[in-house]
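To start, the structure itself, in structure tokens.
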Amino acid sequence: MFTKAYITSQSQLLAVPASERWKYYLDRKLLQTIVHFSDDDDPMVTRRDIEKAGIACEPFWEDTAGYLDNEGKAFQRYRQMHPEFDICIRKRALERLLQAQKILGAQAQIVIKAAYRPLAVQRDVFNAELTVVRSARPEWSEKQSRAYLLEYVTDPEVYLPPHASGGTVDIVLKHPRSNELLDMGVPVNSVDDRSWTANMDGLTSEQKNNRKFITKTMLQAGFANLASEWWHYSFGDQRWAVFYSKAEALYSTPEGLK
């Protein structure tokens with residue numbers, strides 16, 4: 001039976017090989033020890049250039065299935081005020097995604113659902129999901145509700161969100177011929193214990209293999225997985241730095257972006 005696992009100290013971190021750290025949730029206090037950012041000048045790459053390079057983009061705000069989750073709605077509201085906004089990502093992170101796609105070859109296609117997320121969108125998503133958690137678990141205290149949600153959605157008032165760095169992505173994989181999503185057991189953006197990457201309880205053999213497949217590929221390409229979300233991969237942010245035992249991150253948050 002799956003049990004959530006956490007790394008809360010440097011000694012614990014060093015005892016776990018980097019290849020196995022995706023199974024552990026990295027404590028926020030560890031991430032906050034990373035205070036230096038060495039490559040904030042790495043430029044942002046636009047959606048046009050991302051797709052030209054060969055990585056597909058299907059952002060959460062594009063309602064292709066008749067349903068928008070809270071992130072999709074938040075992005076739509078933001079784009080009403082900032083119509084020029086679209087998916088964008090740090091150049092070096094895109095290069096890593098291209099490495100991952102090369103590893104996958106014809107087996108699957110990477111599709112970006114989200115990359116850079118403005119702080120205004122992050123606040124909107126956090127508040128919307130907090131309302132959902134409060135409604136679903138009315139017996140919980142406010143502290144319990146927030147602690148649970150923080151495993152899935154960063155409160156930008158507390159900690160620099162990974163997506164605000166421009167190097168972090170949410171991705172899914174598609175069959176290149178059928179165009180169907182590889183089944184990971186629960187949909188992307190599920191605020192649910194079943195979304196933990198290592199939680200294989202109740203999954204079919206295909207679903208288990210798909211989770212291992214995406215995780216192994218992205219780690220090979222130099223990304224770090226967020227243990228509570230099978231779809232979330234960091235490059236260059238504080239989580240990535242701690243995950244790979246680096247002294248500094250690459251990115252804080254890009255200046256001047258809407």
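FRET efficiency for the Ala247 to Leu150 pair, using the beta carbon distance and R₀ = 25 Å, is estimated at 0.50. Comparing Asn209, Asn179, Asn127 in a Gaussian network model of the chain where C-alpha atoms under 10 Å apart are linked, the largest mean-square fluctuation is found at Asn179. The overall shape of the range 119-253 is oblate: from the C-alpha gyration tensor, with semi-axes ordered a ≥ b ≥ c, the ratio a/c is 1.5 or greater and a/b is no larger than b/c.
For the chain, the Cβ-based charge dipole about the Cα centre amounts to some 440 debye (Lys, Arg positive; Asp, Glu negative; other atoms uncharged).
Between Ser9 and Asp27, the simple label model (points 7 Å from Cα in the Cβ direction) yields a spacing of 0.8 nm. Computing Rg and the Kirkwood Rh from the Cα coordinates of the chain gives a ratio, Rg/Rh, of 0.93. Net charge dipole, the range 180-229: roughly 240 debye, given to the nearest 20, about the Cα centre with Cβ charges of +1 for Lys and Arg and -1 for Asp and Glu.
Near Lys102, which lysines are there with a Cα under 29 Å away, not counting those fewer than 8 places off in the same chain? By straight Cα distance, Lys102 reaches Lys23, Lys52, Lys91, Lys113, Lys174, Lys208, Lys212, Lys216, Lys246.
Per-residue ellipticity at 222 nm, computed for the chain from helices alone with -39500 (n - 2.57) per DSSP H run of at least four residues, works out to -10500 deg cm²/dmol. With 0.36 nm allotted per residue and the present C-alpha distance subtracted, the His82-Leu119 stretch has 12.0 nm of extension available. Candidates Ala128, Thr46, Tyr244 compared by Cα position along the dipole of the chain: farthest toward the positive end lies Tyr244, with charges placed on Cβ.
The numbers here are math on the coordinates, done by the rules we state, and not lab data. Since the model is a prediction, treat every value here as computed from it, not as a measurement. As a convention, Cβ positions derive from the backbone with ideal geometry for all residues, glycine included, and neighbour counts pool all protein chains shown.
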